[in-house]
Amino acid sequence: MHDFDLKNRYAIITGGAQGFGLDIARRFIKSGSKVRIWDIDETELKKASQDINSENLSYDVLDVSNFTQVKNAVEKISENTNIDILVNSAGITGPTAELWNYSIDDWSRIIEINLNGIFYSCKAVVPHMIKNNYGRIVNIASVSGKDGNANASAYSSSKAGVIGLTKSLGKELALNNIAVNAVTPAGANTRILNQMSKEHVQRMLSKVPKGRFLEVHELTSMVCWLSSEENSFSTAAVFDISGGRSTY
């Protein structure tokens, strides 16, 4: 496994208590970074902290859909250190249903967490990165944001929005030594699958030419490179990791 150089870097990872976020946090710390994970679930945050067991890990109980909480957390962190890396991993799938039967409350909640949560985090962090003339932002989107999933209109729309946000912000920051990229994973073996019906999960899997779900460590490796100084030219880009599912 390749070793990435993240020494003397400080990273914030949203949704960092489990799934993609937790694995990324673990790998970042092994690569020399200090990491602060955000999650709404305090129990999972405590478990993650005990699991990683490193002085370079800290956490905040935080709701990314609440801009005041996000802004206050960023201001507190920036008093003592530069924020070099932001990985936006927090997200939910929500229920599966046809669009015309979709609950408006569920729709709003998914958009608020998956898309607005990334907007809020970037809005709070980017000014500090501009001031320091350095930053790496990686947004976890989804292959469903490219080609859509039936019965998942809210999730697909939120992830398509993340792709658009990434392209726009990356262009805005291209001259500031700040790279902004998105990754579009196919379904992965994480707890997020438990939020979906068995039929929906099987439908997702049937679309992947490799015939299996993504392993978490495979996405983590891609995120590590995008978060490192080695990534000196790619920005406003979308990196596919879908096992051949994506059509563009």
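The values are calculated or read from the model by the stated rules, or taken from the named source; none is laboratory data. Here the structure is a predicted model, which is why all the values come from computation and not from measurement. When we count neighbours, we look across all protein chains shown, and the Cβ atoms used for this are built from the backbone with ideal geometry, even at glycine.
The table that follows gives values for the structure above.
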item	result
Among the residues listed as 43, 81, 96, 68, the single one being surrounded by fewer than 22 Cβ atoms within 10 Å (Cβ to Cβ), at pLDDT below 95 and either β-branched (Val, Ile, Thr) or under 18 Å from the mean Cα position of the chain (by Cα) (or both)	96
Close pairs from region 94-121: first under 15 Å from residue 14 (Cβ atoms), partner among the β-branched types (Val, Ile, Thr) and in a loop (DSSP other than H, G, I, E, B), Cβ under 8 Å, at least 6 apart	113/64; 113/92; 114/92; 117/64; 118/64; 120/64; 121/64
Residue in region 103-115 that is surrounded by fewer than 24 Cβ atoms within 10 Å (Cβ to Cβ), of a type outside the set (D, E, K, R), farther than 29 Å from residue 171 by Cα and out of contact with any helix residue (DSSP H, G or I) (no Cβ under 8 Å at 6 or more places or on another chain) present	yes
Residue within region 146-155 that is surrounded by fewer than 24 Cβ atoms within 10 Å (Cβ to Cβ) and touching a strand residue (DSSP E or B) at 6+ places or on another chain (Cβ under 9 Å) present	yes
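One line per residue, one yes/no per condition, for (1) in a helix (DSSP H, G or I); (2) at pLDDT 95 or above; (3) of a type outside the set (D, E, K, R):
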| site | (1), (2), (3) |
| --- | --- |
| 109 | yes, yes, no |
| 119 | yes, yes, yes |
| 131 | yes, yes, no |
| 137 | no, yes, yes |
| 161 | yes, yes, yes |
